[in-house]
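The values are calculated or read from the model by the stated rules, or taken from the named source; none is laboratory data. What you see is a predicted model; the values in this text were computed from it and never measured. Reconstructed Cβ throughout: ideal geometry from the backbone, glycine too, with neighbour counts over all protein chains shown. Quick note on the areas: whole protein, heavy atoms, side chains included, nothing else; ligands and nucleic acids left out. Shrake-Rupley method; radii C 1.70, N 1.55, O 1.52, S 1.80 Å.
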Amino acid sequence: MPALKVTNLAKTFPLKKPLFGPAPPGVRAVRPMSFSIAKGETLGIVGESGCGKSTLARMLAGLLEPSEGAIEIGGRPLDNADPAQFGKLIQYVFQDPQSSLNPRKTIRQVMEAPLKRLHRMSNVERDRRIREIFASVNLRDEFLDRYPHEFSGGQAQRIGIARALAADPAIIILDEPVSALDVSVQAQVLNLLADLKTKFGLTYLFITHDLAVVEAVSDRIIVLYFGSVVEIGKAESIFANPRHPYTKLLADSAPVVGKPLKAPEQKGTELPDPLNPPPGCAFAGRCPRASDICRTTVPELTPMGDDQLAACHHPLQD
């Protein structure tokens, strides 16, 4: 049984109705997608800004209601779940550690919130649990009576991770968890996340635009473009042997030490208009392999060998 299963999950944001005439159809931030995450797996999600990564994550965490589709955690549907029950199963670590912490509350108060509201712990139980969690993320107990502005970015992110762990979840969504940190601190936080995953038996959904990071920490990777899944595959092969032209574009665009920078091959650089999406493949306007069928028919995710799936009418070959 998968730790997390998503079936035809989608999100459309409605637009303001004009004074005269019919209401516009809205913006489809996430188009119907289905995937699953095995227990103990780290699933990476990559794509350009605006591709729907954070919208997807917020739906999975219960912060945003889906327009359609279903979410299951451990085989249990969460469409009508109590928010407290939701919080016990899945938690969210935000991109900006400072802004995700209430500046008017001490760290102890921040940490106590999930223990009070989700687990109804007594004062003694909360104190013991908080000290255990702080020790697991390598933070000192004296930090508990300080305020968020007194910490560095790396320390604040450790506090954010500790707050997520306080709920004792099975799944943690990591939304760009190291992008706001210095490179040296990034490595420390990534190593900490790996240790916590083993210690607590966690399942991660890791969202980032950094291909080097996602390839290093993930078991499998999903590539999103214009709100749709265009490729799924194992982390060690998806960028080394991409099947979708967009995945290759991402891989070629990523800077590598010792590799000369060059403009990747593409026909255009403009993203599709979200208010007037193209009828076929959303990537057709930028794809050097596009043909007439690409501009009229949306491609389906199709097995491509080596446990990869790609949504492309003209996939790349070995």
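On inspection, residue 271 fails the criterion of being open to solvent by 100 Å² or more (accessible area, probe 1.4 Å), in a loop (DSSP other than H, G, I, E, B) and modelled with pLDDT of 75 or more. Within the stretch 72-90, can one find any residue that is of a type in the set (Lys, Arg) and modelled with pLDDT under 90? Within the stretch 72-90, one or more residues are of a type in the set (Lys, Arg) and modelled with pLDDT under 90.
Let's see how each residue does on (1) outside any strand (DSSP E or B); (2) aliphatic (A, V, I, L, M); (3) farther than 30 Å from residue 298 by Cα:
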site	(1), (2), (3)
8	no, no, no
11	no, no, no
25	yes, no, no
29	no, yes, no
36	no, no, no
39	yes, no, yes
57	yes, yes, no
98	yes, no, yes
101	yes, yes, yes
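Select from the stretch 223-238 the residues that are of a type in the set (Asp, Glu) and within 14 Å of residue 35 (Cβ to Cβ) and list them in ascending order. Break it down into steps so the answer makes sense when it comes.
Keep residues of the stretch 223-238 that are of a type in the set (Asp, Glu), which gives 231, 236.
Listed by number, the list holds a single entry, 231.
Scanning the stretch 25-53 for residues that are of a type in the set (Ser, Thr, Tyr), farther than 21 Å from residue 198 by Cβ and at pLDDT 90 or above yields a count of 2.
In this structure, does residue 214 turn out to be open to solvent by less than 10 Å² (accessible area, probe 1.4 Å), in a helix (DSSP H, G or I) and not polar (S, T, N, Q)? It is true that residue 214 is open to solvent by less than 10 Å² (accessible area, probe 1.4 Å), in a helix (DSSP H, G or I) and not polar (S, T, N, Q).
Evaluating residue 99 against the criteria (1) modelled with pLDDT under 90; (2) of a type in the set (Ser, Thr, Tyr); (3) closer than 21 Å to residue 187 by Cα leaves one unmet condition, (3). Looking at the stretch 46-58, I want the residues that are open to solvent by less than 10 Å² (accessible area, probe 1.4 Å) and have a partner that is part of a helix (DSSP H, G or I) with Cβ atoms under 7 Å, at least 6 apart or on another chain. Which pairs are those? As it stands, the answer is 46/211; 46/214; 46/250; 47/53, since those pairs meet every condition given.
State whether one or more residues within the stretch 114-133 are in contact with a Ser or Thr (Cβ under 8 Å, 6 or more places away or on another chain), surrounded by 16 or more Cβ atoms within 10 Å (Cβ to Cβ) and touching a residue at least 40 places away in the same chain (Cβ under 8 Å).
Scanning the stretch 114-133 turns up no residue that is in contact with a Ser or Thr (Cβ under 8 Å, 6 or more places away or on another chain), surrounded by 16 or more Cβ atoms within 10 Å (Cβ to Cβ) and touching a residue at least 40 places away in the same chain (Cβ under 8 Å).
Pick out the one residue from 236, 265 that is in a helix (DSSP H, G or I) and either modelled with pLDDT under 95 or among the hydroxyl-bearing types (Ser, Thr, Tyr) (or both).
236
Checked against the criterion of being among the polar types (S, T, N, Q) and in a strand (DSSP E or B), the stretch 199-208 has at least one qualifying residue. Filtered by the rule that a residue be within 26 Å of the chain's Cα centre (by Cα) and open to solvent by less than 90 Å² (accessible area, probe 1.4 Å), the stretch 286-311 gives 286, 287, 298, 299, 301, 302, 304, 305, 308, 309, 310, 311. Name every residue in the stretch 162-199 that is of a type in the set (A, V, I, L, M, F, W, C), open to solvent by 60 Å² or more (accessible area, probe 1.4 Å) and either over 20 Å from residue 110 (Cβ atoms) or in contact with a strand residue (DSSP E or B) (Cβ under 9 Å, 6 or more places away or on another chain) (or both), in order of residue number. Of everything in the stretch 162-199, just one residue is of a type in the set (A, V, I, L, M, F, W, C), open to solvent by 60 Å² or more (accessible area, probe 1.4 Å) and either over 20 Å from residue 110 (Cβ atoms) or in contact with a strand residue (DSSP E or B) (Cβ under 9 Å, 6 or more places away or on another chain) (or both), namely 183.
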